[in-house]
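Report on one structure; see the data block that follows.
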Amino acid sequence: GNKTGKVNVTAIFEGSHPFTYVDENGESHTVQIYNPATSKTVQFEIIAIPTITNVSDVTGKVGVGTEVNATVRNDSSKVGNDNLIPQGTVSFYYNETIFLGNATVNNGFAEITDIVFNHTVNAELITAIYHDENGKYSDSSDKGYIKIEPGVANISAVAVPDRGVPGVDSLVNITVWDNNTGLYINGTVTIDGRTVEIKDGKGNYTYPITVD
C-alpha cells in the first residue's frame, strides 16, 4: 500500500550471507548473517516519495485569459529513480492567499487556463502547491511571478449628424473595445479637452457648432 510509517523486516538465513538494504535517504547498507540458522531484524521507515514542483512565470494582458502551469517530478537525488511520474493535484494561488483553482497532474504537468485579470499586475507571486491524495508522493511547492500588462483599446467616435449645422449641437457617440478580445470596456476618454465616462463600452457628449 501507500501508507508511511515504521516497520520491522526480519530475514532468516542459514549459512553465511550478506543482507543489503536501502534506508530512507537512499543509502545502501550491508550486514553479514552467520550460521547456524540466524535472523536479523532491521527497522525501516517508509516515507512518501519526495517530489519537486516548478511553477512557470506568467505574462498576460488585462482582460485576456491567462494560463498558469507547473511541472511535478520525483526527487531523483533522493529516490535514485527518475522514471516515477507523480499523480495528484496542484493548487494555484495568487499572492499566496487568493485561490485560483486546482489542476490534475497529467504526465507531470498541471495547468489552469482562462484566468482573467481586470487590472494590471506588476511581478506579483504565483504559488503552486502539489499534493497526492493517496499519500504515495510527498507534498512540494514553488513560487513564481505573474505580470499582467495593460491591454490595447480601440476607440470609435461618430458625430450625429455627421455634418454640423451652425447653432445645432452635434452628438458624438464613442465606442471603446479591447483590441484582443473585442469586448467592450469601461473607463474614461478625453476628446477635445473633454473627459467622457465610458460604461459598457459606450459614451457620448455634445459638441456645439458655432459660427464666428
Problem - Estimated distance in nm for a label pair at D57 and N180, the labels positioned 7 Å out from Cα along Cα-to-Cβ - result: 1.7 nm
Problem - Cα-based Rg of the stretch 50-171 normalised by 2.2 N^0.38 Å, two decimals - result: 1.68
Practice task
For A123 and I85, compute 0.36 nm times the residue count separating them, minus their Cα-Cα distance, and round to one decimal in nm.
Solution key: 10.6 nm
Handout entry: Carbon plus sulfur fraction of accessible area for the stretch 115-202, probe 1.4 Å, in percent
Key = 49 percent
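The values are calculated or read from the model by the stated rules, or taken from the named source; none is laboratory data. Since the model is a prediction, treat every value here as computed from it, not as a measurement. We place every Cβ from the backbone using ideal geometry, glycine too, and count neighbours over all the protein chains shown. Accessible surface is based on the protein model in full, side chains and every heavy atom, while ligands, DNA and RNA are left aside. Shrake-Rupley method; radii C 1.70, N 1.55, O 1.52, S 1.80 Å.
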